[in-house]
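First up is the structure itself, then whatever we jot down about it.
The values are calculated or read from the model by the stated rules, or taken from the named source; none is laboratory data. Model, not experiment: these values are computed from the prediction. For neighbour counting, all protein chains shown are included, and Cβ atoms are generated from backbone atoms with ideal geometry for every residue, glycine included. Calculation scope for accessible area: heavy atoms of the full protein, side chains included, ligands and nucleic acids excluded. Shrake-Rupley method; radii C 1.70, N 1.55, O 1.52, S 1.80 Å.
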Amino acid sequence: MLFPLESALTADPKTVAASGDYDIVIIGAGISGAIIAKQAAEAGKRVLILEAGTGANRTLAGYDDLLTTFYSAASKDNQSPFPLNANAAMPRSPLRKLQAGQTDSSTYIVQSGPYVSDTTYTRIFGGTTMHWEAKTPRLLRSDFKTRTIFGQGLDWPLSFEEIEDDYRLAEREIGVSANVDDQQYLGQTFPGDYVFPMRGLPLSYLDQQVNKGIEGTSVELHGKTYPLKVRPYPQGRNSIPNPAYDGGKGYRPIGAVDTHQVEEGGRCQGNTNCVPLCPVQARYHAGKTLAKAFAVNGKSSERLVELLSQAVASKVNIDPDSGKVRTIEVKVYKDPASAAHETITVKGKVFVLGAGAIETARLMLASGLPSTSGLVGRNLMDHAYLLNWALMPQICGTMRGTSSTGGIVDLRDGPFRERQAAFAIDIHNDGWGWATGAPTSDLLELVDDRNLHGADLRRGVIDRVSRQLLLAFMIEVMPVESNRITVDPQYTDPLGNMRPILSFTVPEYTMKGAAYGRHFARTVFARLGAQDHTYYDPSDFGYVDFEKQGYAIRGGNHLAGTHIMGTTKTNSVVDKNQRSWDHENLYLVGGGSMPTIGTANVTLTLAAMCFRSSRDILKYLH
Amino acid sequence: MYSYSIRTLDELKEFLYQAMRLEHATIPPYLTALYSIKPGVNQDATQVLRVIVVEEMLHLTIAANILNAIGGTPDLTRPDFAVDYPASLPDGETDFKVGIQAFGREALATFLKIERPAQRPIHLVGKGLIHRKTSPHTTALGNDPRHEDLHFYSIGEFYSTIAEGIKYLEAEAHRVGTTIFTGDRSRQITSEYYYSGGGELFGVTDLKSALEAIELIIEQGEGDGGGIYDDNEHELAHYYRFDELVKGRYYQKGDQPGHPTGPQLQVDWEGAYPIKANLKVVDIDIKKDPELREAATAFNTRYGEFLQLLTRAYNGQPTLLLEAVPIMFEFRNMILELIRNPLTNHPGKNGCPTYEIPGSTKQAAVTQQAEVRA
């Protein structure tokens, strides 16, 4: 706990309730809220951030506590570092298989069968960037107009060209590490002098071994040839600052939960457990942007950004005459272990809901605020992941490097998208963990079934784990109105807030991509001489039958679409600045605004959109 | 009275070499104390020590940058570079010993002395260096490299002398239309290779950057002119971070030195492994603890390789610093191996790294001694 004490202090609920001079009230201390708060504060605006989580991880000690929780957790899933908090619950494993029509309300998200999604998001200070993988590809030009080009999905009300400058701002904020040369594929271009803030991280040894087996080969799809190669991903984790950045001014990696420089995020050390939580804060999280926002002082050196933690937004109140948001009702709990709370009303000029695609839609629906278009909660998207795993013929150093450093991404685009979904393939450096629970499962097998111990066991684990190759196919999902979030008063949390109900079916377009992906994986494995171990269990919660084959589909946690952006109030919930069509002082920000997600992880794009929204909010306030 | 001013470039180079030696000398004690802390306890102390180790490495690199800037050659492999612990550091009119020991009250008392802001009392101002005979078996740091028995009053004074020397020599050079900053700029270590390390690393290319570099080293250690923070009111000086642990309380803005008023913190004074202080390889019984002895030697060899790598990095190959990072992880593992295992000949005491670097003069003496004892 070396950081300045005042940054640990949170606002007092009574003062917050009595305060009438917030320019902006933001729900959610994730990356969206953080960017808007920082931009607004730098323009001299007073900002209140309401965070449902405890905010304890704002301190280095609190961050380290999360790591300790993760290290001691038996199950190492995305949410393992984050303590249970029923007042701000989040989706967690395990999930169970459901039959069609069957409903499971035993986990936070109520789900109905037959398809069960394991998608997650994190309701904690820093939001889901506290567990994201930090891959930061941009959307491709074509992703902004899939309806026009491929007759699929929806067109954005924005072109790539209109968002390009904001992509650069987002890359700066996140401190993206990448080399322009590596990212120039499928028509992606960069201005002649552009460099990313930090240099690209190297491909892992496993990536290199896979590349060796496939480089120079190609696949054919609907009459077009696609060359194969492993390309590095742009990443939101610290590498070497590029001295050429910003016209030669260089880039200075700064900001973390702690303002002390040594804690501002070290250089990436290749910790394989960086998902869910980077031990050295090399991976970007919204706490870094928030630290900058909290540091901004006003004219009489008062802090411009306040944080109220343990504050769960419960209802958005609208002025029936103007349609403007008047106040937000907030339940402030005293202790995560108890439902005891007080309800306060918060006033402001502009309100920003940045609680993630599911929570933002949930809050809108729970407040009884369906939009003119009726699309709030609809068009829910998340990348569908299909895992394929095999054993490489030789030791490939699996478990070295962060979870994913490179992938096969040349099938992110092509004319085939008229008929089937595109995909990007992540090579997982952490072995079969996601698919089979390795290396724990390997250890159990070697000990229990093969009775290995001592040196034999060590050798056995090395031989088994260090050849593991997991190809995770991240498959495009297009917006479908019936894929949606709803609420129902019969499903509430301890504070009495309605929980989200998820109805999702993996669209046929996506399943065609998945079926091709399975075929593609077999081709790659054959070229590598790798032994395919992929098996999809019909009792798996995400099992989907498609054309007489079964596939286990996983959620990608790239949530989008629930307050979709468009050109009119009848075809969308928000305009191209993420402002609500129906409520002029309300912004619904984040992945929920995205009309399509292509094959790019959503964070970079939604961060870029929040820079755009920040400008619009400031314009509105003037 | 002997003038301890620096008057030639060669003298300045030697002073800067001694500065690197001094900065490096604090790393083994801090690093060992850090890793001696048992898992799960002393979270605050762990953070304090970790931050300070990293900052000492920053200081070492800054000193190398200054030496490079004036055309010098940093050499961490010189036989006298790594010191023999316990070594002697200046603390006012007397010296004190800094050694390798576990985290605890005693270690903390030593660390406070290392970082203590020491200004001469009025009656000693302008009185020159302090004459003190150092035992031939002890490494003395912070003395005048030209006169072993002449000691500076404090580390701060040692650096001030360097700063004055730089100013003087640069002014002299200017007079004849030249500069002392003739070093190859590509040898400078910049933030590209070292960041988030407790301060901004910048290239030293002229008088201004050289003086800034020295100021950064002094302020991070002692604070700014007696204040608890360094110059940008951002970071607590090392001395006061250690003081927080002693007092069991955090400092907060506005606090007076010695009187932290922030929240309380917990220090578990028993929460460290009982390592044998200032252990030498020869003290590990080769028959009873052969594995421990091997581990101690292996660590020293690796540490020697690390110093060689740094030397190459500071001599025009800065990218090699990236290779130093995984070695730091190796150190952690190797040190833990030593620290968590008991020494048969010293009941109740565990092993510890000895930092006797192969090739150093002291190490040679140790080897001879070992042969005699065998």
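Return a yes/no flag: does region A:233-241 have any residue that is away from every other protein chain (no Cβ under 11 Å), touching a strand residue (DSSP E or B) at 6+ places or on another chain (Cβ under 9 Å), open to solvent by 10 Å² or more (accessible area, probe 1.4 Å) and at pLDDT 85 or above.
Yes, some residue in region A:233-241 is away from every other protein chain (no Cβ under 11 Å), touching a strand residue (DSSP E or B) at 6+ places or on another chain (Cβ under 9 Å), open to solvent by 10 Å² or more (accessible area, probe 1.4 Å) and at pLDDT 85 or above.
Failed condition for A:Gly248, given (1) away from chain B (no Cβ under 14 Å); (2) surrounded by fewer than 17 Cβ atoms within 10 Å (Cβ to Cβ), with all others met?
Unmet condition: (1).
Show the residue pairs that are 6+ apart or on different chains and have beta-carbon atoms under 7 Å apart, the first residue being within region A:265-280 and away from chain B (no Cβ under 13 Å), the second being outside any loop (DSSP other than H, G, I, E, B) and open to solvent by 30 Å² or more (accessible area, probe 1.4 Å).
none
The rows are residues; the columns are (1) within 13 Å of chain A (Cβ to nearest Cβ); (2) assigned to a helix (DSSP H, G or I); (3) under 22 Å from B:Ile166 (Cα atoms); (4) modelled with pLDDT of 90 or more.
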| residue | (1), (2), (3), (4) |
| --- | --- |
| B:Lys13 | no, yes, yes, yes |
| B:Ala25 | no, yes, no, yes |
| B:Gly40 | yes, no, no, no |
| B:Met57 | yes, yes, no, no |
| B:Ile66 | no, yes, yes, yes |
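Here is a check on your reading of the model: is A:Val230 touching a Gly at 6+ places or on another chain (Cβ under 6 Å), more than 10 Å from every other protein chain (Cβ to nearest Cβ) and either modelled with pLDDT of 95 or more or open to solvent by less than 10 Å² (accessible area, probe 1.4 Å) (or both)?
Yes: the conditions hold for A:Val230.
So how many residues does region B:328-346 have that are among the acidic types (Asp, Glu) and within 14 Å of chain A (Cβ to nearest Cβ)?
1
When region B:27-41 is examined, which residues are found to be touching a residue at least 40 places away in the same chain (Cβ under 8 Å) and either within 13 Å of the chain's Cα centre (by Cα) or open to solvent by 10 Å² or more (accessible area, probe 1.4 Å) (or both)? Quick ask: steps written out before the conclusion?
Within region B:27-41, the subset touching a residue at least 40 places away in the same chain (Cβ under 8 Å) is B:28-38, B:41.
If the condition is that a residue be touching a residue at least 40 places away in the same chain (Cβ under 8 Å) and either within 13 Å of the chain's Cα centre (by Cα) or open to solvent by 10 Å² or more (accessible area, probe 1.4 Å) (or both), then B:Pro28, B:Pro29, B:Tyr30, B:Leu31, B:Thr32, B:Leu34, B:Tyr35, B:Ile37, B:Lys38, B:Val41 are the ones that fit.
So, of the residues in region B:171-188 that are surrounded by 11 or more Cβ atoms within 10 Å (Cβ to Cβ) and among the basic types (Lys, Arg), which turns out to be nearest to the chain's Cα centre (by Cα)? Spell out how you get there, then give the answer.
Within region B:171-188, the subset surrounded by 11 or more Cβ atoms within 10 Å (Cβ to Cβ) is B:171-174, B:178-185, B:187-188.
If we keep only those that are among the basic types (Lys, Arg) as well, we get B:185, B:187.
Details: B:Arg185: 25, B:Arg187: 22 Å.
This residue is B:Arg187.
Please verify whether A:Gly216 is more than 14 Å from chain B (Cβ to nearest Cβ) and on the phi > 0 side of the Ramachandran plot, treating the condition exactly as stated.
So A:Gly216 fits the description; yes.
Restricting the search to region A:176-220, which residues are aromatic (Phe, Trp, Tyr) and in a helix (DSSP H, G or I)?
Result: A:Tyr205, single match.
Inside region A:606-622, can you point out the residues that are among the polar types (S, T, N, Q) and either touching a strand residue (DSSP E or B) at 6+ places or on another chain (Cβ under 9 Å) or in a loop (DSSP other than H, G, I, E, B) (or both)?
Scanning region A:606-622 gives a single hit, A:Ser613.
Determine whether region A:330-341 contains at least one residue that is assigned to a strand (DSSP E or B) and within 30 Å of A:Ser204 (Cβ to Cβ).
No, that holds for no residue.
Filtering region A:1-27 down to residues that are open to solvent by 50 Å² or more (accessible area, probe 1.4 Å), at pLDDT 80 or above and of a type in the set (Asp, Glu), which residue is nearest to A:Ile328 (Cα to Cα)?
A:Asp21
Is one or more of the residues making up region B:39-46 farther than 24 Å from A:Pro279 by Cα, of a type in the set (A, V, I, L, M) and in contact with a helix residue (DSSP H, G or I) (Cβ under 9 Å, 6 or more places away or on another chain)?
no
May I ask you to list the residues in region A:504-524 that are open to solvent by 40 Å² or more (accessible area, probe 1.4 Å) and either closer than 24 Å to A:Val110 by Cα or at pLDDT below 95 (or both)?
Passing the criteria: A:Thr505, A:Glu508.
Within region A:158-176, can one find any residue that is at pLDDT 95 or above, more than 23 Å from the chain's Cα centre (by Cα) and among the aromatic types (Phe, Trp, Tyr)?
Within region A:158-176, not a single residue is at pLDDT 95 or above, more than 23 Å from the chain's Cα centre (by Cα) and among the aromatic types (Phe, Trp, Tyr).
Identify the single condition in (1) assigned to a loop (DSSP other than H, G, I, E, B); (2) closer than 29 Å to A:Gln269 by Cβ that A:Gln420 does not satisfy, given that it satisfies every other one.
(2)
With respect to B:Pro318, determine if the residue is surrounded by fewer than 17 Cβ atoms within 10 Å (Cβ to Cβ) and either assigned to a helix (DSSP H, G or I) or within 14 Å of chain A (Cβ to nearest Cβ) (or both). Walk me through how you get there before you give the answer.
On the way: surrounded by fewer than 17 Cβ atoms within 10 Å (Cβ to Cβ): no; either assigned to a helix (DSSP H, G or I) or within 14 Å of chain A (Cβ to nearest Cβ) (or both): yes.
So B:Pro318 fails the test.
Given (1) part of a helix (DSSP H, G or I); (2) in contact with a Lys or Arg (Cβ under 6 Å, 6 or more places away or on another chain); (3) away from every other protein chain (no Cβ under 14 Å), where does B:Val48 come up short, assuming only one miss?
Unmet condition: (3).
Residues of region A:61-81 being surrounded by fewer than 23 Cβ atoms within 10 Å (Cβ to Cβ) and either within 14 Å of another protein chain (Cβ to nearest Cβ) or in contact with a Leu (Cβ under 7 Å, 6 or more places away or on another chain) (or both), which ones?
Selection gives A:Ala61, A:Gly62, A:Asp64, A:Asp65, A:Leu66, A:Leu67, A:Thr68, A:Thr69, A:Phe70, A:Tyr71, A:Ser72.
For every residue, the table says whether it meets (1) in a loop (DSSP other than H, G, I, E, B); (2) open to solvent by 70 Å² or more (accessible area, probe 1.4 Å); (3) acidic (Asp, Glu); (4) in contact with an Asp or Glu (Cβ under 8 Å, 6 or more places away or on another chain).
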| site | (1), (2), (3), (4) |
| --- | --- |
| A:Ala455 | no, no, no, no |
| A:Arg459 | no, yes, no, no |
| A:Arg464 | no, no, no, yes |
| A:Leu469 | no, no, no, no |
| A:Pro489 | yes, yes, no, no |
| A:Leu495 | yes, no, no, no |
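For every residue, the table says whether it meets (1) more than 27 Å from A:Gln209 (Cβ to Cβ); (2) touching a Lys or Arg at 6+ places or on another chain (Cβ under 9 Å); (3) modelled with pLDDT under 95.
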residue	(1), (2), (3)
A:Gly354	yes, no, no
A:Leu363	yes, yes, no
A:Trp389	no, no, no
A:Phe416	yes, yes, no
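Could you please find all residues in region A:207-231 being among the small types (Gly, Ala, Ser) and in contact with a Ser or Thr (Cβ under 7 Å, 6 or more places away or on another chain)?
Result: A:Ser218, single match.
Being acidic (Asp, Glu) and modelled with pLDDT under 85 is the filter; apply it to region B:189-216 and report the residue that is most open to solvent (accessible area, probe 1.4 Å).
Result: B:Glu200.
Output the residue which, of all residues in region A:127-141 that are closer than 15 Å to A:Ile597 by Cβ and aliphatic (A, V, I, L, M), is surrounded by the fewest Cβ atoms within 10 Å (Cβ to Cβ).
Checking each candidate, the answer is A:Leu140.
Filter region A:372-394 down to the residues that are under 23 Å from A:Thr534 (Cα atoms), open to solvent by 10 Å² or more (accessible area, probe 1.4 Å) and among the polar types (S, T, N, Q) and list them by number.
The answer is A:Gln394, and nothing else.
Could you give me the residue pairs with C-beta distances under 8 Å whose first residue belongs to region A:97-120 and is more than 16 Å from A:Tyr543 (Cβ to Cβ) and touching a residue at least 60 places away in the same chain (Cβ under 8 Å), whose second residue is open to solvent by 50 Å² or more (accessible area, probe 1.4 Å) and among the basic types (Lys, Arg) wherever it lies, and which are 6+ apart or on separate chains?
As it stands, the answer is A:Tyr108/A:Arg92; A:Thr120/A:Arg92, since those pairs meet every condition given.
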